[in-house]
Amino acid sequence: MSYSEPVICAGFVDTHPVSFEYTSTRYSNQLKYTYQQEHHSVLIDSRDLVGVVADSTKEGKSYCVLYLDKVPPDAKIPSIPTLRSASARDLPQEFVDKYAVQAFRNILRREERNDDGEPNIHVIVSVLSGVGLATNFHESVLRPILDRIPLRADIDYKIHYTESSDTITDLTKNRLLPRAEAGVAQHIVLLSGDGGVVDVINALLTPSPSSSYVPPTISLLALGTGNALAHSTGITADDTLGLSTLALGSAKQLPLLKATFSPGALALADEASRKESLPATVRTKAPDGTEVDAPTMYGAVVASWGLHAALVADSDTAEYRKHGVQRFAMAANANLFPADGSPTHPYQAQVSVLRSLPESGGEEEWEPIKRETHAYVLATLVSNLEKEFTISPASKPLSGTLHLVEFGPMNGTEVMRVMGLAYQGGKHVDEEVVGYHEVEGVRIDFKDGEKDERFRRICIDGTIIVVEQGGWVEIQKENRKVVELVGP
Ligand SMILES: Nc1ncnc2c1ncn2[C@@H]1O[C@H](COP(=O)(O)OP(=O)(O)OP(=O)(O)O)[C@@H](O)[C@H]1O
């Protein structure tokens, strides 16, 4: 069949006779059905299509086509799309073959159950992620879709709503980790931003993993603010916020980075009103060669210091969160153009990068960046920090490469111009003032620089860690298989 030839056949929608027309091109697929009596047509674009579920309650080739009605672009309040379903018979076979939701069943191992009867599929709803739409999305969209599969709440899967910022960590540590270590396959459907994924990862990473550990699989539904992981892996390439990926995708190891800090480092909590210990410590060698217990945290997206860490830290308040993704731009403005008219801060530390030397058989070497002050130092595993903000154009989905973007102090207008180019597909990396390199690791050593702790804030996937005066942080790729992520 030529890709531009539509497939036309007769069938039924809700018992009314229709003519189906399925068009598949390189760029998009569409299913149109036209009621034979009224000549009225309905068009379903593949960007809105979740999948096609066989309807076992009906005879013959009966299906339920699940798709979404987009939120109108001029909607005044943040809203979720509306779930639509069409009960159809005798659909074009090509359409069924491409969008049938069998993959759902391969990923969601519902038949395996624990001794206490608890299923191994968990739906986690992070109620405060993004602008707070996860609960509504779960109740109005996800749950009715799971009902159609059919997957039954409390029998085939368990629902968890977050009650505090510790809910995901506690659930993972107490229930998911022991089963993963015992070799049980588990699936987590996560309605959150990147933070939910990071909480799961850090709770699963124990210092001495069991040899029978089975990495849980995560299906991410992009209900956060930045949603860097979802945008960078193609989960949000269509308009279903990750539902089509959940229905039709396949799982792959999620690459991680490991950030190890000098012993006095603490994470900020509750809008920076208090500090708390990091999730773990590891015994490691400090840059001066001494053995220390180093606070450690893992991430899947980004490790940064300077302007990026400052704007993430400053914008993580309930007040800023109301503005959705705009909160980053608002905080950037406040950092770049201080009210007192002063220039942006020249961040002081020794920054070094770990490079792999192919000429010496892949040996690695730390190489200092020859600049004493910095504005922007950001290492990332992903291409996009927001849908349109391409921080690292060379990063490929789930490839595990780490890229560093860095530049020195500039005035606010120039920083805005340069980083504005990231919204044009990542053109900032072509600017002479921007350093852009593939690296194995990055080290920031504060030595005697930076007396004010605001300038010693490090961002690991949205968590802000303050390094003590004279302290350091080392970021490297982590090779352990901790979770798999379902991608398109
Ligand atoms: N019920 C709750 N009570 C308190 N805090 C919560 C609750 N539910 C979620 N949170 C917190 O809200 C934050 C949500 O983070 P998440 O990353 O999921 O969304 P986001 O920050 O909006 O998106 P992104 O990280 O993609 O920009 C986390 O810090 C999480 O711990």
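Quick note: the coordinates plus some simple rules give every number you see, no bench work behind them. Predicted, not measured: the structure shown is a model, and the values here were computed from it. Reconstructed Cβ throughout: ideal geometry from the backbone, glycine too, with neighbour counts over all protein chains shown.
For the chain, what does -39500 (n - 2.57) per DSSP helix run (n ≥ 4), summed and divided by total residues, give at 222 nm, in deg cm²/dmol to the nearest 500?
About -4500 deg cm²/dmol.
If you wrap a convex hull around the alpha carbons of the chain, what volume per residue comes out, as a whole number of Å³?
Hull volume over Cα atoms, normalised by residue count, gives 175 Å³.
Please list, by residue number, everything in the stretch 462-488 whose backbone N is under 15 Å from a paramagnetic label point 7 Å out along Cα→Cβ of A182.
None, by backbone N distance to the label point.
Could you list R148, R457 so that the one with the fewest beta carbons within 10 Å of its beta carbon is first and the one with the most is last?
On the way: R148 18, R457 21.
Listing R148, R457 from fewest to most nearby Cβ atoms yields R148, R457.
With the crude spin-label approximation of a point 7 Å out along Cα→Cβ, what separation in nm comes out for T82 versus S212?
If labels sit at T82 and S212, their model points lie 5.1 nm apart.
Kirkwood hydrodynamic radius (Cα pairs, Å) of the stretch 60-219?
This gives a value of 17.5 Å.
Can you compute the modelled spin-label distance between D116 and H39, with each label point 7 Å from Cα toward Cβ, in nm?
6.3 nm
Of the cross-linked pairs K258/K447; K173/K258; K173/K285, which ones have a Cα-Cα span greater than 26 Å in the structure shown?
In this structure, K173/K285 exceed 26 Å between Cα atoms.
For A280, enumerate residues with amide H under 5 Å from its amide H, sequence gap 5+ or separate chain, H modeled in the peptide plane.
T296
May I ask you to work out the translational diffusion coefficient for the stretch 257-479 at 37 °C, viscosity 0.692 mPa s, via Stokes-Einstein with Rh from the Kirkwood sum over Cα pairs, reported in whole µm²/s?
Stokes-Einstein gives a translational diffusion coefficient of 185 µm²/s.
Based on a Kirkwood Rh over C-alpha pairs, give the Stokes-Einstein translational diffusion coefficient of the stretch 7-99 at 20 °C and viscosity 1.002 mPa s in µm²/s.
D, rounded to a whole number, is 153 µm²/s.
Can you put S79, S129, S24 in order of Cβ neighbours within 10 angstrom, beginning with the fewest?
Details: S79 12, S129 25, S24 21.
With the fewest neighbours first, S79, S129, S24 line up as S79, S24, S129.
Of all DSSP beta bridges in the stretch 103-248, what percent run antiparallel (nearest 5)?
Looking only at bridges with both residues in the stretch 103-248, the antiparallel portion is about 5 percent.
Taking the 0 to 90 degree range and rounding to the nearest ten, how far is the long axis of helix 326-336 tilted relative to the main principal axis of the chain, both from C-alpha atoms?
The two axes meet at around 20 degrees.
Just how large is the dipole of the stretch 7-99 about the Cα centre, in debye to the nearest 20, putting +1 at every Lys and Arg Cβ and -1 at every Asp and Glu Cβ? Walk me through the numbers before you get to the answer.
Numbers: 10 positive and 12 negative charges, 46 e Å.
Result for the stretch 7-99 is approximately 220 debye, rounded to the nearest 20.
Where the centre of each part is set by its Cα atoms, how far does the stretch 425-459 sit from the stretch 208-284, in angstrom?
Measuring centre to centre over Cα atoms gives 21 Å.
In what order do T15, T169, T82, T162 fall by count of nearby beta-carbon atoms within 10 Å, going from fewest to most?
Numbers: T15 7, T169 16, T82 12, T162 21.
If I rank by nearby Cβ atoms, fewest first, I get T15, T82, T169, T162.
Specify the longest stretch of the chain that does not include any exposed loop site, a site being one of the chymotrypsin sites (Phe, Trp or Tyr not before Pro) with a non-H, G, I, E, B DSSP assignment and at most 12 other Cβ atoms within 10 Å.
After excluding every exposed loop site, the longest remaining stretch is 28-488.
To the nearest 10 degrees, how steeply does helix 194-204 sit against the main Cα axis of the chain, on a 0 to 90 scale?
80 degrees
In a shell of Cβ-Cβ distance under 13 Å around V353, excluding V353 itself, what net charge do Lys and Arg (+1) and Asp and Glu (-1) give?
Details: positive: R355, K370, R371, R443, K477; negative: E364, E365, E367, E406, E438, E440, D445, E474.
Summing Lys/Arg as +1 and Asp/Glu as -1 gives -3.
Going by a ≥ b ≥ c, the root eigenvalues of the Cα gyration tensor, does the stretch 202-326 fall in the rounded group (a/c under 1.5), the prolate group (a/b larger than b/c) or the oblate group?
Details: a/c = 2.42, a/b = 1.26, b/c = 1.92.
It is oblate, given that a/c is not under 1.5 and a/b is not larger than b/c.
Distance in nm between label sites at A269 and S28, each 7 Å beyond Cα in the beta-carbon direction?
4.7 nm
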